[in-house]
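Peer 1: One structure follows; several queries about it will come next.
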Amino acid sequence: MKDRPDTPAPIDTVAELLAHALELEHESAARYEQLADSMEVHHNRLTAEQFRHLAALSEEHAAGVGQRAAGITLPSIPPWEYKWNCPGSPESDCLEHEPHYLMTRVEALGLALHNERRAQSFYAQAAADTGNAEVRVLAAEMAAEEADHVAMLEGWLAEADGQPPRQDDPDPPNVAA
Ligand code: ZN
């Protein structure tokens, strides 16, 4: 299973689904905080706030999953499959290093959208593949939640797309701290 990250094995227990969801939501929250920090560096307060909002939604979801998981022993699952990746390069994580310093608002929103779509299809696939009715219902709920995030990001991206890219900023954010 480890060599085939794109075709995960079916999730057949609620515990396994909750373990995946916890990792995925924590990962997303951390990435949104990172993107928000990056947008603040760009003096892009609106986008920073949008990412903080998404981080809060992910944390909220994680907290809900955590409550649901109370008393259940969750399997430990290697975190590689929740790592955010760059559009077009499934193996690399473009937030691992520092390249996002130059990331524009549109790029940042596009990256987030890409990963929300991945999350959505992860849950949708889990719902479709599972042989467990409870997992199916839960995973479908989670997929719907991710679909909301996708729609939100699509809206923000459409708004942001009409605006000039930040790398043309004549006043780059290199002020000494
Ligand atoms: Zn999400």
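The values are calculated or read from the model by the stated rules, or taken from the named source; none is laboratory data. What you see is a predicted model, and the numbers here were worked out from it, not measured in a lab. Every residue, glycine among them, receives a Cβ derived from its backbone with ideal geometry; neighbour counts consider all protein chains shown.
Peer 1: List, please: which pairs have Cβ atoms under 8 Å, are six or more places apart or on different chains, and start with a residue in segment 31-58 that is modelled with pLDDT of 90 or more and within 16 Å of the ligand (Cβ to nearest atom) and end with one that is part of a helix (DSSP H, G or I) and of a type in the set (Lys, Arg)?
Peer 2: Tyr32/Arg52; Glu33/Arg52; Ala36/Arg52
Peer 1: Moving to a separate point now. Considering only segment 122-132, I want to know if a residue exists there that is surrounded by fewer than 18 Cβ atoms within 10 Å (Cβ to Cβ), of a type outside the set (D, E, K, R), at pLDDT below 90 and over 19 Å from Asp37 (Cα atoms).
Peer 2: Scanning segment 122-132 turns up no residue that is surrounded by fewer than 18 Cβ atoms within 10 Å (Cβ to Cβ), of a type outside the set (D, E, K, R), at pLDDT below 90 and over 19 Å from Asp37 (Cα atoms).
Peer 1: Of all residues in segment 19-30, which are within 30 Å of Asn132 (Cα to Cα) and within 16 Å of the ligand (Cβ to nearest atom)?
Peer 2: Those that are within 30 Å of Asn132 (Cα to Cα) and within 16 Å of the ligand (Cβ to nearest atom): His20, Ala21, Leu22, Glu23, Leu24, Glu25, His26, Glu27, Ser28, Ala29.
Peer 1: So which of Val135, Val106 ends up being at pLDDT below 90 and in a helix (DSSP H, G or I)?
Peer 2: Result of the check over Val135, Val106: Val106.
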